[in-house]
Amino acid sequence: MSDRIEVQKTYKTYIDGTFLRTESGRYYKVYDGNGDIRANACQCSRKDVRDAVTAARSAFEGWSNRTAFNRGQILYRVAEMLETRKAQFAEELETVGYKAKDARSEVEASIDRLIYYAGWSDKYQQVFGSINPVASSHFNFSLPEPTGVVTIWAPEEQPLLGLVSVVAPVMVGGNTCVVLSSEKYPLSAISFAEVLHSSDVPAGAVNILTGFRKELLKHMTSHMDVNAFFYTDPDIDREQRKQIDEYGALNLKHIIRKSVDNWEDKESKSPYFITDFQEIKTTWHPVGF
């Protein structure tokens, strides 16, 4: 039996299309289902959040101005790339305690979730837009437009499917985002960043951080260049919810909370997840004399 000590991988953050070490130089241990150390993950700081928001803001104009069809194509490409790496993601989920069957099911559900939102990319505008009757000589219509930069707490459980389920509707609607991965199970998030990196997602459109919610809550909810904050875990305590609302009110952010217990349920996907991060723009166009 070998007495060799294995070198544990340190998973980096993903900011502006680049895999970086945390500015703070801090890391925390990630354990597998048996309680053994599996890897190290970055313990991100306020500076990492600020850098990620800057990258998301810089990417917003280019990403939001792409055609809806093109955003759907890119999401579909992410699904294709994830399909080719099913075995790797299933193995990662097994190491944190998943049974083999459940791990495969979550990976496949994640791929299907990406396809689902890719399909909505050029349809939600028609469903949720409208032509409005007016008394004057105008053609009046309303269309949804992206909110801007969204910060997200990925679900603590179901670390891959939950992550995909909160990122995809934000992306497909033309927003850019900064995501804090599951604190307990961050490895799938960084591996998913590798999938994004090798697909057609432009740098800065999706930024993925790892670290502790308690430390980063204020920085992700009070940043003045963030337009919305999104979280879904049903067990967020009352004090944290109060802090989120108070910090978000500083610049009138949209605070979107959707309580989801199981991300494989039908209710965990909906075009309304897209419209939660849209603003309605109404245009008046004169007609006639």
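Numbers at a glance
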item	result
Nearest 10 degrees, 0 to 90: helix 86-95 Cα axis against the chain principal axis	60
J(HN,Hα) series, segment 264-276, from Karplus relation 6.51 cos²θ - 1.76 cosθ + 1.60, nearest Hz, glycine and proline x	8, 5, 4, 6, 8, 9, 5, x, 5, 5, 6, 6, 4
Accessible area in square angstrom per residue, segment 18-118, 1.4 angstrom probe	51
Degrees between helix 187-197 axis and first principal axis of the chain (Cα, 0 to 90, nearest 10)	50
Under the Karplus curve 6.51 cos²θ - 1.76 cosθ + 1.60, θ = phi - 60°, whole-Hz ³J(HN,Hα) for segment 140-152, x wherever Gly or Pro sits	10, 9, 10, 9, x, 10, x, 5, x, 8, 10, 9, 9
Heavy-atom accessible surface of the chain: percent carbon and sulfur, 1.4 Å	50
Amide proton proximity set for H254, modelled H, under 5 Å, gap of 5+	A228, F229
Sequence-distant residues sharing a close amide H with Q43 (under 5 Å, placed H)	R26, Y27, Y28
Solvent-accessible area per residue for segment 152-195 (1.4 angstrom probe, square angstrom)	11
Amide H contacts of L20 (H built 1.01 Å from N, under 5 Å, at least 5 apart or other chain)	T13, Y14, I15
Rounded to 5, the percent of DSSP beta bridges in the chain classed as antiparallel	55
For peptides 278-285, 197-204, sequence by mean Cβ density within 10 Å, most packed first	197-204, 278-285
For segment 1-132, size of Cβ-based charge dipole, Lys and Arg +1, Asp and Glu -1, in debye	380
Charge dipole (segment 92-210, unit charges on Cβ, about Cα centre) - positive-most of V167, P186, T210	V167
In sequence order, calculated HN-Hα J values of segment 248-255 (Karplus, 6.51, -1.76, 1.60; Hz; x Gly/Pro)	x, 5, 4, 10, 6, 5, 6, 9
Cα-based Rg / Dmax (Å) for segment 1-80	18.0, 58
On Cα atoms only, tilt of 100-120 relative to the major axis of the chain in degrees	20
The chain, helix-only ellipticity at 222 nm - DSSP H runs n ≥ 4, -39,500 (n - 2.57), divided by all residues, nearest 500	-13000 deg cm²/dmol
Computed Kirkwood radius, in angstrom, where 1/r is averaged over Cα pairs of the chain	19.7
Neighbour cut-off at most 11 other Cβ (10 Å), DSSP loop, chymotrypsin sites (Phe, Trp or Tyr not before Pro), segment 152-216	none
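The values are calculated or read from the model by the stated rules, or taken from the named source; none is laboratory data. Being a predicted model, the structure only gives us computed values, none of them experimental. In this analysis, Cβ positions are derived from the backbone assuming ideal geometry, glycine residues included, and neighbour counts consider all displayed protein chains. Keep in mind that these areas ignore ligands, DNA and RNA; they rest on the heavy atoms of the full protein, side chains included. Shrake-Rupley method; radii C 1.70, N 1.55, O 1.52, S 1.80 Å.
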